[in-house]
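S.K.: Sharing a structure with you now.
The values are calculated or read from the model by the stated rules, or taken from the named source; none is laboratory data. Computed from a predicted model, the values in this text were never measured in an experiment. Positions of Cβ are backbone-derived with ideal geometry, glycine not excepted, and every protein chain shown enters the neighbour counts. What goes into the accessible areas is simple: the full protein's heavy atoms, side chains included, and nothing from ligands, DNA or RNA. Shrake-Rupley method; radii C 1.70, N 1.55, O 1.52, S 1.80 Å.
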Amino acid sequence: MPEQTLTFVQAVNAALDRALRDDPSVIVFGEDVGLPGGIFGATKGLKDRYGDRVFDTPISEAAILGSAIGAAQHGMRPVAEIMWSDFSLVAFDQIANQASNIRYVSNGTITAPLTVRMQQGVLAGSCAQHSQSLEALFAHLPGIRVCMPSTPQDAHDLLLAAIACDDPTVVIENRAMYFTEKAPVLTDNKVSSIGGAVVRRSGTDVTVVSWSRMVNECLASAEVLAERGIEAEIVDLRWLNPLDMDTVLASVAKTSRLVVVHEANITGGFGAEITARGAELGFYHLDRPVERIAVPDLRIPAAPHLQAAVVPHAASIADRISDHVAV
């Protein structure tokens, strides 16, 4: 299998290239995805190779998603990009009331195999209107699949799985990972089905569940914790819908402690869903109550030093987990 050394955003580009190459029903469109190649380069070079199947749209998120839904119902597999997840709220009706309902209202006779790519996350200067983490909104909607990759390989594989899925799927990338270190990526491997968490690091003292960029912060914190004699097991959910609770439960059965970490604010964050499902399914013998590490309920500041004070990072996560385990 061909293996390339790619950044996260290059892995996204490779997945789109492969999908367009292998399936003539795939089309890619959104604001600046055609001639400019995407504001972060995710679609760079695709229009040159695939012509009118990759194109720019007006600045209208409702039009982008509305046309994607229509195309998906008529034999296409559109990949629609919404530049920032914050902007998806302009077209939230298209996702919550239209795409999510197609199977149901058609008695299963019509599907909508559309993929909505968007990015979110905190960067210096990203400000309150460009830094929200909205995954819990999409995961709340029956009929919508949601994935959040944390590695270049998963950026490639999960996107291909989403495009192949017959359900509407929201793929949320974290732009803070776009240009991080390159990693080996298999670009001609078998397209996987949707779903499935993975254990990124084995441990015996505490289970740490996370997704997207926070997985990497948790992995870095685990190295700090190991120096303190605490072995943390890091579970990367990858998919919020379908949600793989079996992997979480198996890990917690081994460690008897659970910490959930995410970049979204704490109230109504998806970490609460992990906690609630765990209580329903078997978190009966924990040594400590579940700990949630997240952004406080506030707007994200633009200043980097203020962001560092409120967004979880490796050092702050390690300190919280140390306190959790020590009690």
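S.K.: For V33, which sequence-distant residues (separation of 5 or more, or a different chain) have an amide H within less than 5 Å of its own amide H, given hydrogens modelled in the peptide plane?
M.R.: Counting only residues 5 or more places away or on other chains, the set is G38, T57.
S.K.: What fraction of the Cα pairs in the stretch 78-166, stated in percent, has a spacing above 21 angstrom?
M.R.: The calculated P(r) of the stretch 78-166 puts 34 percent of pairs beyond 21 Å.
S.K.: Determine the relative contact order of the chain: mean sequence separation of Cα pairs under 8 Å and six or more apart, normalised by residue count, in whole percent.
M.R.: Computed value for the chain: 17 percent relative contact order.
S.K.: Now for a different question. Among residues other than G34 whose Cβ falls under 11 Å from its Cβ, what is the net charge (Lys/Arg +1, Asp/Glu -1)?
M.R.: -3
S.K.: Then there is this: The stretch 206-319: Rg/Rh from Cα coordinates, Kirkwood Rh?
M.R.: Rounded to two decimals, Rg/Rh equals 0.96.
S.K.: Would you pull out the residues with amide H under 5 Å of R77's amide H, same chain only if 5 or more places away, H placed 1.01 Å from N?
M.R.: V26, I27
S.K.: Run the accessible area of the stretch 198-280 with a 1.4 Å probe and give the carbon-and-sulfur part as a rounded percent.
M.R.: Heavy-atom surface of the stretch 198-280 belonging to carbon and sulfur, 1.4 Å probe: 47 percent.
S.K.: Taking θ = phi - 60°, what integer Hz values does the Karplus form 6.51 cos²θ - 1.76 cosθ + 1.60 yield along the stretch 306-313, in sequence order, with x for Gly and Pro?
M.R.: 6, 4, 4, 7, 10, 8, x, 9
S.K.: Related question: Among residues other than P24 whose Cβ falls under 10 Å from its Cβ, what is the net charge (Lys/Arg +1, Asp/Glu -1)?
M.R.: Here the count lands on +1.
S.K.: So, how do all the Cα-to-Cα distances of the stretch 1-138 break down into 10 Å bins, in percent, from 0 on up?
M.R.: For the stretch 1-138, the pair-distance distribution reads 12, 39, 36, 13, 1.
S.K.: How many Å² of accessible area per residue for the stretch 116-271, probe 1.4 Å?
M.R.: 33
S.K.: Provide the per-residue ³J(HN,Hα) series for the stretch 273-288, in order, calculated from phi with Karplus coefficients 6.51, -1.76, 1.60 and θ = phi - 60°, each as a whole number of Hz, with x at glycine and proline positions.
M.R.: 5, 4, 4, 5, 5, x, 5, 6, 9, x, 7, 9, 10, 6, 6, 9
S.K.: Something else: Quantify, in whole percent, the carbon and sulfur part of the accessible surface of the stretch 1-132 (1.4 Å probe; protein heavy atoms only).
M.R.: Here carbon and sulfur together make up 54 percent of the probe-accessible area.
S.K.: With the radius of gyration and the Kirkwood radius both derived from the Cα set of the chain, what is their ratio Rg to Rh?
M.R.: So for the chain, dividing Rg by the Kirkwood Rh gives 0.97.
S.K.: Continuing with the same structure: Rounded to whole Hz and in sequence order, give me ³J(HN,Hα) for the stretch 168-185 from the Karplus expression 6.51 cos²θ - 1.76 cosθ + 1.60, θ = phi - 60°, writing x for Gly and Pro.
M.R.: x, 10, 9, 9, 10, 9, 9, 5, 5, 9, 4, 10, 6, 4, 6, 9, x, 9
S.K.: Here's a follow-up. Please work out how much length the chain gains when fully extended from E227 to S192, using 0.36 nm per residue of separation minus the C-alpha to C-alpha distance, in nm with one decimal.
M.R.: 9.0 nm
S.K.: To continue, here is another question. Would you grab the residues whose amide H sits under 5 Å from the one on I266? Only those 5+ places off in sequence or on another chain, please, with H modelled 1.01 Å from N.
M.R.: Those qualifying (amide H under 5 Å, at least 5 residues apart or on another chain) are V295, D297.
S.K.: Report the relative contact order of the stretch 220-314, percent, no decimals, based on alpha-carbon pairs under 8 angstrom and at least 6 residues apart.
M.R.: Answer for the stretch 220-314 is 29 percent.
S.K.: What stretch of the chain, leaving out the sites themselves, is the longest with no trypsin sites (Lys or Arg not before Pro) in a DSSP loop having at most 16 other Cβ atoms within 10 Å?
M.R.: In the chain, the maximal stretch lacking such sites is 1-181.
S.K.: Sticking with this structure for a sec: Quick one: work out Rg over Rh on the C-alpha atoms of the stretch 245-288, Rh as Kirkwood radius.
M.R.: 0.96
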